[in-house]
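To keep things clear, I will list the structure first and then write my remarks on it.
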Amino acid sequence: MSNPASILSSLLAADQLVEPDQLPAWLTQLGHTPVLVYPHSLVELAAVMACAHQQQWRILPCGSGSKLGWGGLPKSIDLAISTARLNQVIDHAVGDMTLTVEAGARLVDLEAPLAQQQQWLAMDPAYGDQATLGGVVATADIGALRQGYGPVRDRVLGLTWVRHDGQIARAGGRVVKNVAGYDLMKLMTGSYGTLGMIAQLTLRLYPLPDTAKTVVITAGAEDISGLVRRVRASALTPVALDLWSPALVEVLGLPPGYGLAARFQSLAAGVEEQIALLQSMVPPAGQVEVLAQTQADPLWRGASAALYGSPAQLPALVAKVGVPPTAMVSWLATLTSLAPHPPLARFHAGSGIGCLRLEGQDGAMDLVKTLRSRCHQMGGYLTLHLAPAPLKAAIDSWDYQGQAQSLMGQVKAQFDPQGRLSPGRFVAGL
């Protein structure tokens with residue numbers, strides 16, 4: 001096969017090309033040694049994709065690389081294309097509350113300039129200090145704030161991506177009321193780079209709240225389970241509502257037990273009213289702490305960091321779990337009884353979607369199969385985000401139980417006829 005670096009040297013400068021022997025750890029840990037390139041513009045990205053199409057190279061789209069370990073193991077990658085240097089703000093329509101930005105822009109770099117206009121993106125994805133917006137959309141990873149602000153797919157108002165053949169395609173627009181191309185944008189969200197390479201995004205913004213406070217409650221399993229039911233049936237409107245396992249509670253330095261963290265954001269009087277209502281629901285044995293935003297933000301970030309670790313280090317196992325919200329506490333109790341080490345886990349209590357981290361590799365495959373079986377019995381699922389390569393090679397990462405596999409294959413064939421984009425990362429090896 002032709003050497004991608006030598007061919008692409010006519011399109012890109014030397015500092016935009018990284019040879020296989022100089023690759024960063026976040027790429028080599030996948031078991032491949034492709035050439036890595038950093039386009040500086042949409043035009044360059046399209047030219048690289050067109051060249052790859054002509055040469056029939058297999059492509060791994062990426063941003064900062066923080067979530068490349070998620071999904072299935074990619075197969076036989078020839079070229080990795082990073083959007084990390086496609087990171088410019090194209091348009092911030094303050095009055096329309098929209099932001100058009102290149103896909104490589106990092107969430108952390110946008111927080112301060114948006115805050116100057118009293119606006120924010122309302123996202124708290126894994127690896128928030130590294131995550132690019134293109135990566136957030138490609139993996140549909142939004143974090144605990146989904147409770148109050150909805151999923152990623154509802155934030156994307158417009159999208160520009162480069163097709164498998166290097167052609168530039170667009171959907172949607174730059175205003176909230178424009179719904180043209182809505183289905184295409186939903187299709188690209190959570191596609192893991194298998195349908196095209198996201199280049200630009202127009203996203204919905206939200207006003208910064210007047211006041212934000214977090215209430216953290218720790219108690220025994222039965223008390224927390226009852227409290228979750230009461231909160232879900234109440235008029236409370238937390239923007240984040242997380243259930244934390246005892247091991248995660250311990251790591252965060254909180255009083256022992258299961259934890260429930262509720263974040264409220266609104267006018268100051270409204271926040272205080274909601275906090276008072278929540279406190280009235282807490283059982284007598286529960287311990288309550290009310291935290292201002294400056295105190296609570298490190299706690300929320302700490303929970304995410306404890307679960308996901310560093311992108312440079314593959315932990316034993318990190319999985320996304322879904323169970324009915326009413327079964328969260330009982331499932332955590334089952335997990336604790338089966339795992340060889342105390343498991344770090346959290347659930348977004350409004351949806352039953354959670355994340356767990358298990359240390360140690362002995363018996364990991366049997367444990368994953370057992371936990372999946374328990375999830376299936378409840379009508380849920382367990383998807384491997386991160387795991388050692390041998391485990392991912394031996395077991396299906398996605399755990400897809402639906403009936404749309406054939407349809408997904410047809411969509412893939414339309415968007416990527418030769419199967420060269422992120423091969424193997426999506427459901428059923430797509």
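Here are the numbers for the structure shown:
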{"read-out": "Boolean, G128 is at pLDDT below 95, within 22 Å of S397 (Cβ to Cβ), of a type in the set (G, A, S) and assigned to a loop (DSSP other than H, G, I, E, B)", "value": "no"}
{"read-out": "Residue in the stretch 199-212 that is surrounded by 17 or more Cβ atoms within 10 Å (Cβ to Cβ), outside the structural domain of L332 (by TED's automatic domain parsing) and closer than 26 Å to G72 by Cβ present", "value": "yes"}
{"read-out": "Evaluation of V48 against (1) surrounded by fewer than 21 Cβ atoms within 10 Å (Cβ to Cβ); (2) modelled with pLDDT of 95 or more (one fails), failing number", "value": "(1)"}
{"read-out": "Where a residue in the stretch 282-294 is in the same structural domain as T218 (by TED's automatic domain parsing) and its partner, wherever it lies, is in a loop (DSSP other than H, G, I, E, B), with Cβ under 8 Å and at least six apart", "value": "A285/G220; Q287/P255; Q287/G257; V288/V282; E289/L254"}
{"read-out": "Lone unmet requirement of (1) among the small types (G, A, S); (2) within 27 Å of the chain's Cα centre (by Cα); (3) assigned to a helix (DSSP H, G or I) for A269", "value": "(2)"}
{"read-out": "Filtered residues of the stretch 397-426 (kept if farther than 22 Å from I81 by Cβ and free of Cβ contacts under 8 Å to residues at least 40 places away in the same chain)", "value": "D399, Y400, Q401, G402, Q403, A404, Q405, S406, L407, M408, G409, Q410"}
{"read-out": "Unmet requirement for H164, which otherwise passes all of (1) of a type outside the set (D, E, K, R); (2) touching a strand residue (DSSP E or B) at 6+ places or on another chain (Cβ under 7 Å); (3) part of a loop (DSSP other than H, G, I, E, B); (4) at pLDDT below 95", "value": "(4)"}
{"read-out": "Looking only at the stretch 78-122, and only at residues there that are of a type in the set (G, A, S) and either in a loop (DSSP other than H, G, I, E, B) or without any contact (Cβ under 8 Å) to a residue 24 or more places away in the chain (or both), the one that is nearest to S64 (Cα to Cα)", "value": "A84"}
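Matching residues to (1) surrounded by 23 or more Cβ atoms within 10 Å (Cβ to Cβ); (2) under 20 Å from F347 (Cβ atoms):
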site	(1), (2)
G95	no, no
A103	yes, no
A126	yes, yes
L145	no, yes
L157	yes, no
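The values are calculated or read from the model by the stated rules, or taken from the named source; none is laboratory data. Just so you know, these numbers come straight off a predicted model, no measurement behind them. Quick reminder, even Gly has a Cβ in these numbers, built from the backbone with ideal geometry, and neighbours come from all protein chains shown.
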